[in-house]
Amino acid sequence: MTKRDLQQLHDFLSGKEEFDASAFAREVNARPALGRFLSGLAKLPGEASAPDRERVIRGVKQALRRRQRQRLLRTRAAAAIAALLLAWAGWRFAGPPAEVEMAARETPVDSSRVRLLLGGGEVLSIHRLDDTTIHQRGADITWERDGLLTYAARGQADGEEPAYNTLVVPRGNEFRLSLADRTEVWLNSETEMRYPVEFPGRDRVVHVTGEAFFKVARDTLRPFVVLAGEMRVEALGTSFNVNTYRDQDALLTTLVEGTVRVTGGNPGEAVTLRPGQQARLRDGQLTVRQVNTAETVAWINGQFLYYDMPLEQIARQLERWYNVAIYFQDDALRSYTFTGVVKRYHSLREICSYIEETTNVRFVIDKEHVTACRAK
């Protein structure tokens with residue numbers, strides 16, 4: 001993009017009346033490269049959160065000044081600004097963001113490799129259940145055609161220990177289930193959860209490794225507790241996301257609705273989260289920050305939503321979802337950032353092409369291996 005391109009986009013974003021949209025459209029038609037850049041706008045769905053308008057405009061102004069000193073617009077900062085422009089314009093064209101909807105996705109869940117470990121040690125492949133019901137001590141378990149595993153409590157004898165199940169969701173898969181108390185859980189790829197088939201005691205306790213989103217059924221007499229590594233999350237009726245992936249440097253809990261109490265490695269140290277806050281446990285230190293919850297829970301709606309996210313962090317997500325290994329030819333590329341929203345069910349090649357549109361990065365895809373390189 002030239003200085004004039006950026007100036008015109010700046011005028012467009014600023015809402016200047018003198019902006020000549022017709023002349024700009026003719027120029028786009030005459031210049032394939034600029035046309036390809038703008039064609040990416042049509043690919044962005046309206047669920048993206050709108051970036052800060054003033055921040056985008058400031059970035060464009062900085063790019064215009066930088067363009068006067070540089071012959072090519074190829075710096076990391078300029079690439080990030082271009083991505084912000086793309087995200088903002090795409091949001092403007094597509095409409096305001098939609099609320100997060102916690103419902104079954106349109107795309108069927110691929111359950112072919114998901115495993116259910118029963119209390120007695122039996123291992124089942126979920127997709128083989130096919131609308132059948134398993135009668136286990138304390139609950140009936142049903143795999144429904146819409147991709148939901150449902151537990152229905154039927155009681156157990158007094159003094160009898162509850163049976164536990166474990167769900168194992170490998171890379172490239174995802175899963176959704178309804179627990180015996182009607183709490184709904186979404187499990188992301190490379191995630192395990194251990195839980196009782198019913199909750200007979202005072203607490204409703206589950207154990208998670210990986211990433212899971214919970215929509216907790218309200219029960220004021222029995223708190224719902226998630227144990228995730230050294231982090232303990234306690235709620236009554238709320239919606240929150242827990243992320244304990246080993247390839248990140250902290251354990252995360254992000255609150256969408258209600259309130260939760262989060263405890264770290266030190267039992268005496270606890271924080272109460274409000275919607276839009278995230279608890280971060282790192283090296284035994286528990287901190288709280290404000291976050292964009294839409295970005296955190298986009299995965300349950302079949303999306304990847306990135307706002308100034310480093311490519312190294314993006315690569316980790318793509319590795320888990322597409323079951324590939326991503327390498328960086330140049331370590332400096334790891335810190336490049338990308339802003340945008342793409343459907344989670346697009347092919348890996350499509351997602352890589354979206355990133356290439358607005359960064360100085362190119363991807364070489366070879367079966368189960370991907371290499372990020374500098375664009376020539």
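The values are calculated or read from the model by the stated rules, or taken from the named source; none is laboratory data. Every value quoted in this text rests on a predicted model; they were computed, and no experiment measured them. Cβ: placed from backbone, ideal geometry, glycine included. Neighbour counts: every protein chain shown.
Considering only residues of region 253-268 that are in contact with a Gly (Cβ under 9 Å, 6 or more places away or on another chain) and modelled with pLDDT under 90, which is nearest to Val291 (Cα to Cα)? Going through the qualifying residues, I end up with Gly264. The sole residue among Thr209, Thr220 that is among the polar types (S, T, N, Q) and more than 24 Å from Pro310 (Cα to Cα) is Thr220. Does any residue of region 225-241 turn out to be in a strand (DSSP E or B), closer than 23 Å to Gly119 by Cα and among the hydroxyl-bearing types (Ser, Thr, Tyr)? The answer is no; no qualifying residue exists.
Can you find even one residue in region 202-209 that is hydrophobic (A, V, I, L, M, F, W, C), within 20 Å of Thr296 (Cβ to Cβ), part of a strand (DSSP E or B) and at pLDDT below 95? Checked region 202-209: no residue is hydrophobic (A, V, I, L, M, F, W, C), within 20 Å of Thr296 (Cβ to Cβ), part of a strand (DSSP E or B) and at pLDDT below 95.
Set side by side, the residues Leu177, Leu221 differ, and just one is assigned to a strand (DSSP E or B), not aromatic (Phe, Trp, Tyr) and not assigned by TED's automatic domain parsing to the domain that holds Ala315, which is Leu177. When Arg362, Arg320 are checked against the criterion of being surrounded by 15 or more Cβ atoms within 10 Å (Cβ to Cβ) and closer than 20 Å to Asp249 by Cβ, a single residue qualifies: Arg320. Pairing each residue of region 222-248 that is under 20 Å from Ala180 (Cβ atoms) and among the basic types (Lys, Arg) with any residue that is outside any strand (DSSP E or B) and at pLDDT below 95, provided the two are 6+ apart or on different chains, yields C-beta distances under 9 Å for Arg222/Asp181; Arg222/Phe199; Arg222/Gly201; Arg222/Arg202; Arg222/Asp203; Arg222/Leu236. Taken over region 220-232, the criterion of being surrounded by fewer than 17 Cβ atoms within 10 Å (Cβ to Cβ) and farther than 13 Å from Asp203 by Cα is satisfied by Gly229, Glu230.
Criterion first (at pLDDT below 90, under 21 Å from the mean Cα position of the chain (by Cα) and surrounded by 15 or more Cβ atoms within 10 Å (Cβ to Cβ)) does Ser347 satisfy it? Spelling it out, it is not the case that Ser347 is at pLDDT below 90, under 21 Å from the mean Cα position of the chain (by Cα) and surrounded by 15 or more Cβ atoms within 10 Å (Cβ to Cβ).
Only a single item in (1) closer than 17 Å to Met309 by Cβ; (2) more than 21 Å from the chain's Cα centre (by Cα) is not met by Glu368, and it is number (1).
Taken over region 326-368, the criterion of being among the hydroxyl-bearing types (Ser, Thr, Tyr) and either closer than 21 Å to Asp247 by Cα or in contact (Cβ under 8 Å) with a residue 12 or more places away in the chain (or both) is satisfied by Tyr327, Ser335, Tyr336, Thr337, Thr339, Tyr345, Tyr354, Thr358, Thr359. Hey, can you tell me all the residues within region 279-313 that are at pLDDT 90 or above, assigned to a strand (DSSP E or B) and within 22 Å of Thr191 (Cβ to Cβ)? Once the filter is applied, which keeps residues that are at pLDDT 90 or above, assigned to a strand (DSSP E or B) and within 22 Å of Thr191 (Cβ to Cβ), region 279-313 yields Ala279, Arg280, Leu281, Arg282.
Looking at the structure I just gave you, is Thr371 within 28 Å of Glu234 (Cα to Cα), free of Cβ contacts under 8 Å to residues at least 60 places away in the same chain and of a type outside the set (A, V, I, L, M, F, W, C)? Give the derivation first.
Details: within 28 Å of Glu234 (Cα to Cα): no; free of Cβ contacts under 8 Å to residues at least 60 places away in the same chain: yes; of a type outside the set (A, V, I, L, M, F, W, C): yes.
Considered against the rule, which asks whether it is within 28 Å of Glu234 (Cα to Cα), free of Cβ contacts under 8 Å to residues at least 60 places away in the same chain and of a type outside the set (A, V, I, L, M, F, W, C), Thr371 comes out as no.
Just one of the listed residues (Ala279, Ala217) is crowded, with 21+ Cβ neighbours inside 10 Å and small (Gly, Ala, Ser), namely Ala279.
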